[in-house]
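Asks: Got a structure for you, questions after.
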Amino acid sequence: MLALHADTILVCGLSNARNTALYARNLVSEKIHGTVNIIASHPQDEDMVCAQYIQHLLSEADSINPANISARIRNSRAARKFFDPHESAFNIKDMDHGAREVDCDFVMQVDTSLPVPRLVRKPVMQSLPLTRGTQSATCHA
């Protein structure tokens with residue numbers, strides 16, 4: 001629950017991971033020593049691959065092959081329900097959307113100003129610069 005006391009809390013999936021990483025990079029670049037903590041809320045493969053991808057984007061490393069990201073999400077245990085014809089509550093089109101990046105103009109930010117935190121869409125500029133600075137990024141399961 002310490003995350004709820006952070007200056008900014010962002011939530012994402014693969015569909016908006018790039019925008020979220022770029023937005024976070026922009027936020028911490030305004031500080032002398034900014035830190036991005038990446039937390040995989042459910043340390044299953046689909047959340048871990050998203051966290052690792054964000055870490056990859058923040059560090060500008062070449063350690064993750066983007067072509068493998070979608071496959072790891074589609075092959076994860078959590079994704080099985082989307083491909084099960086007996087699970088009518090889960091639409092395969094949702095998996096098609098969630099297992100790829102989507103060009104969007106917002107990030108999802110947690111508003112902690114109320115007694116019960118809630119998600120709000122925060123409009124952002126597209127194509128935010130991904131520049132190196134003194135920031136660090138760590139993944140947590």
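The values are calculated or read from the model by the stated rules, or taken from the named source; none is laboratory data. Nothing here was measured: the structure is a model prediction, and the numbers come from that model.
Asks: Name every residue in the stretch 3-40 that is at pLDDT below 85 and under 16 Å from R118 (Cα atoms), in order of residue number.
Replies: Answer for the stretch 3-40, where residues must be at pLDDT below 85 and under 16 Å from R118 (Cα atoms): A3, L4, H5, A6, D7.
Asks: Could you go through the stretch 6-22 and let me know if any residue there is among the acidic types (D, E) and under 25 Å from M125 (Cα atoms). Show your work before the answer.
Replies: Pass one, the stretch 6-22, residues among the acidic types (D, E): 7.
Pick out the ones that are also under 25 Å from M125 (Cα atoms) and you get 7.
Yes, because at least one residue in the stretch 6-22 is among the acidic types (D, E) and under 25 Å from M125 (Cα atoms).
Asks: Name the strands (runs of 3 or more DSSP E) wholly within the stretch 51-141 that hold at least 1 residues that are over 14 Å from the mean Cα position of the chain (by Cα) and at pLDDT 85 or above? First the steps, then the outcome.
Replies: Working: elements: 106-111, 118-123, 136-140.
It comes to 106-111, 118-123.
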